[in-house]
Every structure is written in structure tokens, then in C-alpha cells.
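Visitor: Have a look at this one before I ask anything.
Quick note: the coordinates plus some simple rules give every number you see, no bench work behind them. What you see is a predicted model, and the numbers here were worked out from it, not measured in a lab. Positions of Cβ are generated from backbone atoms using ideal geometry, with glycine treated the same way; all protein chains shown enter the neighbour counts.
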Amino acid sequence: MTDEDGYFGEHAAEHYDQDSGAEFQPDVIELTADLLAGLAAGGRALELGIGTGRIALPLARRGVPVHGIELSRAMVARLRAKPGGERIGVSIGDFATTRADTTADGPFSLAYLVFNTIMNLADQDAQVACFRNVAEHLAPGGCFVIEVMVPELRRIPAGQNIVPFRTGPTGWAYTVYDTVTQDATCHYIDIAEDGRASARTVPFRYVWPAELDLMARLAGLRLRDRWGGWAREPFTEDSARHVSVWEKPAG
Ligand SMILES: C[S@@+](CC[C@H](N)C(=O)[O-])C[C@H]1O[C@@H](n2cnc3c(N)ncnc32)[C@H](O)[C@@H]1O
């Protein structure tokens, strides 16, 4: 892994699409791409942290021109190797600050940041900068969509700061929360067939829906919709995540 690849270097990229989690189920991907295609409303889409094209490729198959911003060349190499991947433009860089070229094709009608990736920006300044960067890419009337978990502080037992989220014979994983700074670190311990263990850690910053709304307002965007999932489920106090849509005012 190179420093430029961040936490998604060669090893992570190699295994990324083998994940069997809900995000990788075909019906979830189709639902996501359908909703995003509708929001693109005939215009272009910008994916922040495009990765291996899990969502970008089905969106492009719906006729939406997609451009990505991505830190990891290893992830982009996986995107390029897939059918249609060679036709998707990618700007290599940090999505909080990197500008995609809009001189030839104009601004985007949709920008999106899914699968908790806003939390990969590990401090508040970077998250605020990300909203500003997106707003500068959007056409008036354009939308910014974020899919992210609701901070799971209700799962932290009293007096503790750790939430386990995977346990089994091939490894385990848990998150350590700092509820003062909103910093958190996921720890993954994988156990190979020969019994050898390897460990890696990924830092992130958890962020509340209302805090995201404020970041959007700082960037001149306003909340248009908030759902509990890609099927436009109602967002309630029991929602584990949200899909939020902010709009750049027209005119
Ligand atoms: C969880 S993956 C999501 C990939 C893809 N969006 C998807 O839904 O499958 C997060 C991706 O964001 C990229 N990423 C994380 N932080 C980034 C940053 N600051 N700038 C650009 N890319 C970043 C990672 O390299 C990785 O490819």
C-alpha cells in the first residue's frame, strides 16, 4: 500500500468486491442506482470516493455520465478492469479539495458520497471543506446525496467505549469511540487458515445528521429529503443510517 492510496491500498482493493455485506447485494445496488439516476435528472453525476465502481457502473449503465474522485489508484485499477470501467473519468486526489474538470461538459446535476465514506474524512474541517467542494461542482438545482450511518452511541454499554461488530472463527472487528472528539477507530483482526493473525486499524470521524445539515448550509445547500434507506423508508429515531439529499438553490 502506498501513502497515496490511504486506507484502501492493494490488499483492501483486492478483497473489496468479495464483501458479502448488504451493500453488495444486487437488489440494494439496483435500488441505489435507480434513486441516484432519478436525482441526476438527465445530467452528469460526480461520485466522491468512487472506489471499484460498485455504484458508478450500474449508474452509468442507466445512461448517466459519471465522473469520480478517488484517492486510491489500487481501487481505480479494479474499476478500470470491469466492463464499462474504462469509460468512467476519474480525478485522483482527496475529494475534500480535488476539483474535477467542468470546463468541457459543465457542472454536475448530482454529487454523491455513499457507504459511510464521509466519515473517512477524519476531522470536521475536512468534512466542511467537502461540502464546499461539492457545492462548487453542482449546477443550480443540483443535489448532493450522502448515505451514512447514524452514530451508534446507543449501542455503547455504560462505562465503556467499544462496540464489537464482527466476531467469528476467521476474525473479529470492533470500534473504539471517543465521544468527546467524535473520533473513532475500527480495529480489524483477521485470522488466516494457518492460524496467523493480522491486524489493521481505520480511523474515522462520526457525524450527526444535524451537523451535516449545518455543513450543507455553510456551503449554500439546503436539505431536500432525508430517508432511512435507499427505498425512501421514513427516517426515524430507530434508523441505523440515513440517505440525505441537499440541494443547491436554483438561480
Ligand atoms: C467504503 S469505500 C466506498 C467505495 C464506493 N463509493 C462504494 O460505494 O463501493 C471508500 C472509498 O473512498 C475512498 N476515499 C476515502 N477517503 C477519500 C478521500 N479523502 N479522497 C478520495 N477518496 C477517498 C477510498 O479510497 C475508497 O475507495
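Visitor: How many residues, within segment 95-119, are within 12 Å of the ligand (Cβ to nearest atom) and either surrounded by fewer than 20 Cβ atoms within 10 Å (Cβ to Cβ) or at positive phi (or both)?
Guide: Residues meeting the conditions: 4.
Visitor: Only one of 64, 90 is β-branched (Val, Ile, Thr), more than 15 Å from the chain's Cα centre (by Cα) and within 11 Å of the ligand (Cβ to nearest atom); which?
Guide: 90
Visitor: Scan segment 26-41 for residues that are more than 16 Å from residue 243 (Cβ to Cβ) and in a helix (DSSP H, G or I) and jot them down.
Guide: Passing the criteria: only 26.
Visitor: Need pairs with beta-carbon distance below 6 Å; first residue closer than 24 Å to residue 72 by Cα and within segment 98-110, second part of a loop (DSSP other than H, G, I, E, B); sequence gap 6+ or separate chains.
Guide: 108/44
Visitor: Another one. Does segment 67-87 include one or more residues that are more than 8 Å from the ligand (Cβ to nearest atom) and under 24 Å from residue 229 (Cβ atoms)?
Guide: Yes, segment 67-87 contains at least one residue that is more than 8 Å from the ligand (Cβ to nearest atom) and under 24 Å from residue 229 (Cβ atoms).
Visitor: Oh, and also: Whether any residue in segment 19-34 is aromatic (Phe, Trp, Tyr) and in contact with a strand residue (DSSP E or B) (Cβ under 7 Å, 6 or more places away or on another chain) is what I want to check.
Guide: Scanning segment 19-34 turns up no residue that is aromatic (Phe, Trp, Tyr) and in contact with a strand residue (DSSP E or B) (Cβ under 7 Å, 6 or more places away or on another chain).
Visitor: Could you list, in sequence order, all residues of segment 1-58 that are away from the ligand (no atom under 13 Å from the Cβ) and among the aliphatic types (A, V, I, L, M)?
Guide: Answer for segment 1-58, where residues must be away from the ligand (no atom under 13 Å from the Cβ) and among the aliphatic types (A, V, I, L, M): 31, 35, 37, 39, 40, 41.
Visitor: Taking residue 145 as the residue in question, decide whether it is within 12 Å of the ligand (Cβ to nearest atom) and under 16 Å from the mean Cα position of the chain (by Cα).
Guide: Judged against the criteria, residue 145 is a match.
Visitor: Conditions: (1) surrounded by fewer than 21 Cβ atoms within 10 Å (Cβ to Cβ); (2) more than 21 Å from residue 31 (Cα to Cα). Residue 62 meets all but one. Number of the miss?
Guide: The failed condition is (2).
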